[in-house]
Each structure stands twice: as C-alpha cells, then as structure tokens.
Amino acid sequence: MIATLDRTPLPRAFFDRPVLDVAPDLLGRIVVRTTPDGPIALRLTEVEAYDGPSDPGSHAYRGRTPRNDVMFGPPGHVYVYFTYGMWHCMNLVCGPGGRASAVLLRAGEIIEGAELTRKRRLSARNDKELAKGPARLATALDVDRSLDGTDACAAGDTPLRALTGTPVPPDQVRNGPRTGVAGDGGVHPWRFWIANDPTVSPYRAHTPRRRRS
DNA sequence: CAGTGGATCCACT
DNA sequence: GTGGATCCACTGT
C-alpha cells in the first residue's frame, strides 16, 4: 500500500505545465481537506484532463463566464462546479495560466479521516465507494462552491491543499476515453487511472436524457 | 451485472 | 427553455 506518505505540498510549478502532463502525474498524490471536525486525506486514483480552448468537453470551451472564471486564472487553484441540480465536482487548474485547462478529480482512496467521510456518504456500502466518482469525491471531502478559487498550493493549514504523496510509476498508469462527456466522441483518451485499483469508478458513456413532460 | 428512470437546479442560450 | 464532466433505487437476468 503506502510505505511512506510524503506530506510536502505540491509546488505551483507542478501545475504550471500542460494538462496532459499534469493529469497522469497527479495519480498517487494527496488532497487534504481540513474541516472543523478534522482533516480528511485522499489519495488520487482517477482523474480526467480538460483542455480549454481546443476541447469541446471543457467548461471553458465557450469562453469565460462567472462560473468558470477560476479556470482562466493561475494554475494550482481549485475550480468547483455544481451540476445535475445536486452535485459538486472538483478540479485543479493547470498551466499555462489563462489557457483554462484543468484536471477533474474523479476518484480516490480515503487514507485519513474516513470516519468523517462516512457521515456524508451514507449510501456507500464500503470504504472503497466513499470517493468512487467525481461527485462522491466532492461529497466525501465536503467540497462545494464556497471553496471555488482556493489556492491548493498555499502554505499553512488551509481548507484544501495538494500534497506530493507518492507518485505512481508510469507502468501503473492506464488511460482511456473520458466518462460521460457530451460533445466528445471518445476521441480524447484523457481519463487516467491506477491499474487494478478498487476505488476507480466504472466507465459510462455519455447518454442524453429524455425531457420530462 | 446491465439497463432504466427519477431527482433537482443552476448556467447559459 | 434546455440540458448537464452524476448518483441512486429499482428491475430483470
């Protein structure tokens, strides 16, 4: 499992690279959420890359709006959006600044503070499901729009930050089409995950929903 | 395990 | 008015 957990913060330079370089490199890294009840630490096992200007699947594809404003800012900050009327999802903005690229955090393993996440994820049948899926991950870490724009590279005991952790060897990284993305015919194999990890979410193709009458 | 439909509301057109 | 970077309960095999 995890031999020695490196708690060094990830430097800004880590995120100030092309998103396709950053995304696979995030696997095995740690996100720490500091709540009033205590810290929750999550080891990233699955992510997806979104590249603003060239990517129809990206929220930034149609330009800057109040919602996606953080994506256009400096790398290393957190972009949180609200979707499907009830869920939040969490991204880390990548470089170069202003390009509006970001990595969606899709799944992870809770390695500290699981007793806190279980209270928010009552439907999880076991601990592997606590953060298996982007909205579940955000729910487990108690992340919502109030944390949009947080600097994950800031020093100190901030509400949300990214740590070096233990990077995954390249031969353990797998990639494939992104999950549930409209306007992406699966042409972008920009979903990255750790091979054989039980906390990785199942793949689902995008399915447009019928309108209710 | 696979497939289906409901929940729920904000951003954007 | 439209549709979504989802999850969950439920059905049938």
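The values are calculated or read from the model by the stated rules, or taken from the named source; none is laboratory data. The model shown is predicted, which means the values in this text are computed figures rather than measured ones. Don't worry about glycine lacking a Cβ; one is built from the backbone with ideal geometry, like all the others, and counts go over all protein chains shown.
The table below lists the values:
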| quantity | calculated |
| --- | --- |
| Residue list for region A:75-101, filter: on the phi > 0 side of the Ramachandran plot and in contact with a Phe, Trp or Tyr (Cβ under 7 Å, 6 or more places away or on another chain) | A:G76, A:G98, A:A100 |
| Filter result for A:D144 (within 16 Å of DNA strand B (Cβ to nearest atom) and touching a strand residue (DSSP E or B) at 6+ places or on another chain (Cβ under 9 Å)) | yes |
| Residue count for region A:167-180, restricted to those that are more than 16 Å from DNA strand B (Cβ to nearest atom) and either closer than 24 Å to A:A13 by Cβ or not in a helix (DSSP H, G or I) (or both) | 9 |
| Positions within region A:54-72 being among the polar types (S, T, N, Q) and within 7 Å of DNA strand C (Cβ to nearest atom), in sequence order | A:S58 |
| Residue that is nearest to DNA strand B (Cβ to nearest atom), among those in region A:71-104 that are of a type in the set (A, V, I, L, M) and surrounded by fewer than 22 Cβ atoms within 10 Å (Cβ to Cβ) | A:M86 |
| Any hit, region A:153-168, residues being within 9 Å of DNA strand C (Cβ to nearest atom) and modelled with pLDDT under 95 | no |
| Residues of region A:45-70 satisfying the condition of being within 16 Å of DNA strand B (Cβ to nearest atom) and either in contact with a Cys (Cβ under 8 Å, 6 or more places away or on another chain) or of a type in the set (G, A, S) (or both) | A:G52, A:G57, A:S58, A:A60, A:G63 |
| Cβ pairs under 8 Å, 6+ apart, first in region A:35-52 and crowded, with 22+ Cβ neighbours inside 10 Å, second of a type in the set (D, E) | A:I40/A:E112; A:I40/A:D142; A:L42/A:E109; A:R43/A:E109; A:T45/A:E109; A:T45/A:D197; A:E46/A:D197 |
| Residue match in region A:174-184 (condition: within 21 Å of A:V80 (Cβ to Cβ), at pLDDT 95 or above and of a type in the set (S, T, N, Q)) | no |
| Of residues in region A:132-166 being of a type in the set (A, V, I, L, M, F, W, C) and assigned to a helix (DSSP H, G or I), the one surrounded by the most Cβ atoms within 10 Å (Cβ to Cβ) | A:L137 |
